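Novice: Dropping the structure in here first, questions after.
The values are calculated or read from the model by the stated rules, or taken from the named source; none is laboratory data. Everything numeric in this text was worked out from a predicted model, so none of it was measured. Quick reminder, even Gly has a Cβ in these numbers, built from the backbone with ideal geometry, and neighbours come from all protein chains shown. Areas reflect the complete protein model, heavy atoms only, side chains present, ligands, DNA and RNA absent. Shrake-Rupley method; radii C 1.70, N 1.55, O 1.52, S 1.80 Å.
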Amino acid sequence: MDESGCTGLKFKRGSSPFFIITLVVIDSAEIAEKISAAIERLRIKKDFWGEFHFQKLHKNLRRDFYVMLQNYPVKFYTIILDKSHSYVRGMEKNELYSEVANIVLDVPDLNGASLFVDKRADKEFRKEFDKSIRSKQNNGKDKRINKIKHKDWKENSLVQVADMICGAMNWYIQKKNDYYVMICKFEHEIIRI
């Protein structure tokens with residue numbers, strides 16, 4: 001899972017008009033390992049040793065990443081929140097993040113899943129986020145989310161997949177559809193709220 005945009009509501013001071021969270025679902029550990037290996041092969045082939053981060057990548061590396069990813073059965077769910085709606089007013093930034101994350105996690109594909117979230121913010125935020133997710137997604141013995149792990153790209157290369165898809169979705173809502181064309185080939189669902 002990764003996000004694009006911010007949770008701030010001070011639009012005149014630079015807050016983004018939209019907040020986007022993307023959940024990438026990979027059905028098995030075997031497929032996840034194959035994608036991780038493919039990312040490393042692409043890194044070697046392109047002699048690129050940084051993070052595959054949508055906003056920082058050259059357009060050719062973005063394209064190469066999406067072409068590589070199309071060899072694997074990946075699906076994604078994206079929530080696009082228009083922050084101008086009145087119901088988000090009065091929410092704290094961290095609360096808004098957790099609420100939108102819980103909406104995207106209400107997909108049918110999760111049953112005992114491990115959730116990897118791109119590491120952000122401080123330890124206290126991560127603790128509160130995990131508590132919110134577990135309380136809303138798990139019901140007694142029915143654990144939709146088995147583990148929650150906050151990892152950066154060096155700790156788990158798959159968080160780069162979520163970043164790259166979420167970045168393309170951010171461009172999509174800005175009417176820059178060039179990368180959306182590449183990711184729309186994956187099974188996906190986009191929800192606007």
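Novice: Give the number of residues within region 52-91 that are among the acidic types (Asp, Glu) and farther than 18 Å from Met164 by Cα.
Specialist: Residues in region 52-91 being among the acidic types (Asp, Glu) and farther than 18 Å from Met164 by Cα: 1 in total.
Novice: With (1) without any contact (Cβ under 8 Å) to a residue 60 or more places away in the chain; (2) under 28 Å from Asp142 (Cβ atoms) as the list, and Glu92 as the residue in question, which single condition is left unmet?
Specialist: Against the list (1) without any contact (Cβ under 8 Å) to a residue 60 or more places away in the chain; (2) under 28 Å from Asp142 (Cβ atoms), Glu92 comes up short only on (2).
Novice: While we're on this one: Which numbered condition trips up Lys131, out of (1) surrounded by 15 or more Cβ atoms within 10 Å (Cβ to Cβ); (2) in a helix (DSSP H, G or I)?
Specialist: Against the list (1) surrounded by 15 or more Cβ atoms within 10 Å (Cβ to Cβ); (2) in a helix (DSSP H, G or I), Lys131 comes up short only on (1).
Novice: Among the residues of region 84-95 satisfying the criterion of being in a loop (DSSP other than H, G, I, E, B) and over 21 Å from Ile173 (Cα atoms), which is modelled with the highest pLDDT?
Specialist: Glu92
Novice: Looking at (1) buried (at least 17 other Cβ atoms within 10 Å of the Cβ); (2) at pLDDT below 90, which is the one condition that is false for Gly8?
Specialist: Answer for Gly8: the failing condition is (1).
Novice: Oh, and also: (1) at pLDDT 85 or above; (2) closer than 23 Å to Lys10 by Cβ; (3) in contact with a strand residue (DSSP E or B) (Cβ under 9 Å, 6 or more places away or on another chain): which one isn't true of Glu124, the others all being true?
Specialist: (3)
Novice: Being open to solvent by 40 Å² or more (accessible area, probe 1.4 Å) and either touching a Gly at 6+ places or on another chain (Cβ under 7 Å) or of a type in the set (Val, Ile, Thr) (or both) is the filter here; which residues of region 62-79 pass it?
Specialist: Within region 62-79, Val67 is the sole residue that qualifies.
Novice: Against the definition (at pLDDT 90 or above and in a helix (DSSP H, G or I)), how does Ser98 come out, yes or no?
Specialist: The answer is no for Ser98.
Novice: Another one. What do you reckon, is Leu81 outside any helix (DSSP H, G or I), within 28 Å of Ile39 (Cα to Cα) and touching a strand residue (DSSP E or B) at 6+ places or on another chain (Cβ under 9 Å)?
Specialist: Judged against the criteria, Leu81 is not a match.
Novice: Considering only residues that are open to solvent by less than 30 Å² (accessible area, probe 1.4 Å), part of a helix (DSSP H, G or I) and more than 18 Å from Asp27 (Cβ to Cβ), which ones fall in region 138-171?
Specialist: Listed by number, the residues that qualify are Gln160, Asp163, Met164, Cys166, Gly167, Ala168, Met169, Asn170.
Novice: Please go through region 16-64 and pick out each residue that is touching a helix residue (DSSP H, G or I) at 6+ places or on another chain (Cβ under 8 Å) and assigned to a loop (DSSP other than H, G, I, E, B).
Specialist: Pro17, Ile26, Lys46, Phe48, Trp49, Gly50, Glu51, Phe52, His53, Leu57
Novice: So the check is Cβ under 6 Å with 6+ separation or different chains; which pairs have a first residue in region 165-184 that's more than 15 Å from Asp2 (Cβ to Cβ) and a second one that's β-branched (Val, Ile, Thr)?
Specialist: Correct list of pairs: Ile173/Ile80.
One line per residue, one yes/no per condition, for (1) surrounded by fewer than 19 Cβ atoms within 10 Å (Cβ to Cβ); (2) of a type in the set (Gly, Ala, Ser):
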position	(1), (2)
Ala37	yes, yes
Arg43	yes, no
Asp47	yes, no
Asn60	yes, no
Leu81	no, no
Val88	yes, no
Asn94	yes, no
